[in-house]
Amino acid sequence: ILPAIMLDGIIAYDIIEGPVDGERFLQFLKEHVMPFTTPYPGPCSVIIMDNCRIHHGEAVRALIEDMHCK
């Protein structure tokens with residue numbers, strides 16, 4: 001299960017068979033997480049991820065910055 005969690009609980013998830021690679025993670029962000037964001041400093045404008053390698057890709061950073069989030 002690939003979840004996105006807020007203080008209010010889970011806002012999005014995807015159930016995937018097998019490992020999640022960088023492309024699949026980016027797709028999850030685009031389709032399931034970014035629609036809930038607002039530009040910084042609004043609510044839901046900061047995305048916090050752990051230190052997983054796929055969270056550090058240039059495409060992930062660009063997607064988040066393009067949506068004016070931090």
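The values are calculated or read from the model by the stated rules, or taken from the named source; none is laboratory data. This structure is a prediction, so every number in the text was calculated from the model and none was measured. Here the Cβ positions follow ideal geometry from the backbone for every residue, glycine too, while neighbour counts run over all protein chains shown. Note: accessible area is taken over every heavy atom of the protein model, side chains too, but ligands, DNA and RNA are not part of it. Shrake-Rupley method; radii C 1.70, N 1.55, O 1.52, S 1.80 Å.
Here is how the numbers come out for the structure above:
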read-out	value
Assigned charges on the beta-carbon of Lys, Arg, Asp, Glu; the chain dipole about Cα centre (debye)	180
The chain: calculated mean residue ellipticity at 222 nm from DSSP helix runs of at least 4, using -39500 (n - 2.57)	-6000 deg cm²/dmol
Normalised contact order of the stretch 2-67, rounded percent, pairs of Cα under 8 Å and 6 or more residues apart	26
For Met34, solvent-accessible area (1.4 Å; no DNA, RNA or ligand), Å²	10
The chain - percent of accessible surface contributed by carbon and sulfur, probe 1.4 Å	58
Gain upon complete extension [Arg53, Asp21; 0.36 nm per residue less C-alpha separation]	10.6 nm
Tyr13/Ser45 FRET efficiency (R0 22 Å; Cβ-Cβ; nearest 0.05)	0.60
At 1.002 mPa s and 20 °C, Stokes diffusion of the stretch 2-67 via Kirkwood alpha-carbon radius, µm² per second	172
